[in-house]
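To start, the structure itself, in C-alpha cells.
The values are calculated or read from the model by the stated rules, or taken from the named source; none is laboratory data. As the structure is a computational prediction, the values presented were derived from the model and not from experiment. Methodologically, a virtual Cβ is constructed for each residue, glycine included, from the backbone with ideal geometry; neighbour enumeration extends over all protein chains shown.
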C-alpha cells in the first residue's frame, strides 16, 4: 500500500497534465465556438424533441480542438421510458 | 520603430515584473533603446524591482491624462543609459487608463525606442487588456503548475481575440517563458515538464528560467537579475531569452541538468 502511494506521489505531474488537457479542451471549446455550440445545441435538442422527450439539462454538446482535427461530441441522456419507445420504433 | 512586447500571464506571482525588468535590462545591455511601462496601476512594483522607487515624479496616468509630458515621466536607469521606465500610478485605479491615452503613449515610445516592454497586471481586467492591446509580441510567463498553465491558456485566447493586431486579422507573436523551473523535480515527475507545458499550450518557448535564490536577491537589491549577477542561472537564461526575442537562434539550456550532474558528483548535497 505504501509502495502504491509512493508511486502515485511520484506520478503527480502526469495527473496534472491529463487534468489540464481535459479542462482546457473544454474551456477552449466554450471560448472559440460559444455561439456555434449554442446554435447546434438548440437545433439538436429540437430534432430529438420531435421524437422523444429529453431533459434539456441532460444534453451536452462539446467541441475538442486538436492539432489536425476537431471533434464534436454530443451526449444526450434519454430517460428510460423514452429509450424503450425508441427501441420499439 | 520599436517592437511592443507585453509581458503577461493571467495568474499573479509568476514573475511578470521580474521578467520585464530582466528582459528589458538584457535588451538594453546589448545596446538597444528600451522603455519599460508598468501597467499595474494601484499596485506598481516595477519601480521597486528596478531600484527606481525614490525617483518617481510623474506616472503613466499623468501622461495618459496630459498632466505631464512623456519625457517628464520617463525615469532613466542609472546603470544602463539606454533603459527607461514609465512607472504606474500608485494612488489611482485602473479605470483612469483610457485606450486612447495608452495608444498615444505607446505610439510616442515607438518612435524613440527599439523596444517597449509592457508589464501587465495579473488578471484579465482593464489593466491587463490595455497592456496587451497594442502589442506586436507577447511573452507569456508560466510556472510549471496547473493553475498558471490554465491562466496562460486563457491569456493566449485573449491575445488572439482582444488585441489590435487580432482585430486587424493579424497575429500577436506569442512566446512562453517558463519561470521557477526546477529540473530535478520535473525529472522526478513531481512538476510538469517543459514538454508538457509546451504541448498543452502549443506555443513556442522563449526560455526557461530556473528557480533560484538569485531572483529574490536581485529584487531585494532593486536591480534586474541580469545586472545583479550576470553569471547566475536565471540571468543567463534571461540574457538568452532576450537574444531569442531579437530573432537570434540560441540553443535552449535546460536548467537542472548541470545541477544534477553536480549532485551526483558531490553525493546529492542540498544546494
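Before moving on, here are some points about what is shown:
- Any hit, the stretch B:198-206, residues being assigned to a strand (DSSP E or B), at pLDDT 95 or above and more than 14 Å from every other protein chain (Cβ to nearest Cβ): yes
- Failed item, numbered, when residue B:186 is tested on (1) crowded, with 19+ Cβ neighbours inside 10 Å; (2) over 20 Å from residue A:21 (Cα atoms): (2)
- Scanning the stretch B:130-153 for residues that are in a helix (DSSP H, G or I), over 17 Å from residue B:207 (Cβ atoms) and touching a helix residue (DSSP H, G or I) at 6+ places or on another chain (Cβ under 7 Å) yields B:130, B:132, B:133, B:146, B:150, B:153.
Condition check ((1) in contact with a helix residue (DSSP H, G or I) (Cβ under 8 Å, 6 or more places away or on another chain); (2) in contact (Cβ under 8 Å) with a residue 60 or more places away in the chain; (3) buried (at least 21 other Cβ atoms within 10 Å of the Cβ)) across all residues:
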residue	(1), (2), (3)
B:163	yes, no, yes
B:167	no, no, no
B:171	yes, no, no
B:181	yes, yes, yes
B:204	yes, no, no
B:218	yes, yes, yes
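- Number of residues in the stretch A:65-89 that are at pLDDT 75 or above and touching a helix residue (DSSP H, G or I) at 6+ places or on another chain (Cβ under 8 Å): the value is 5.
- Filtered residues of the stretch B:107-116 (kept if surrounded by fewer than 20 Cβ atoms within 10 Å (Cβ to Cβ) and part of a helix (DSSP H, G or I)): B:107, B:108, B:110, B:111, B:112
- Selection status of residue B:195, free of Cβ contacts under 8 Å to residues at least 12 places away in the same chain and surrounded by fewer than 22 Cβ atoms within 10 Å (Cβ to Cβ): yes
- Residues considered: B:150, B:104, B:79, B:92. Of these, the only one that is surrounded by fewer than 22 Cβ atoms within 10 Å (Cβ to Cβ) and closer than 30 Å to residue B:190 by Cα is B:150.
- Condition check for residue B:187: modelled with pLDDT of 95 or more and either over 19 Å from residue B:11 (Cα atoms) or away from chain A (no Cβ under 12 Å) (or both): no
- When residues of the stretch B:167-184 are limited to those that are within 13 Å of chain A (Cβ to nearest Cβ) and not in a loop (DSSP other than H, G, I, E, B), the one nearest to the chain's Cα centre (by Cα): B:181
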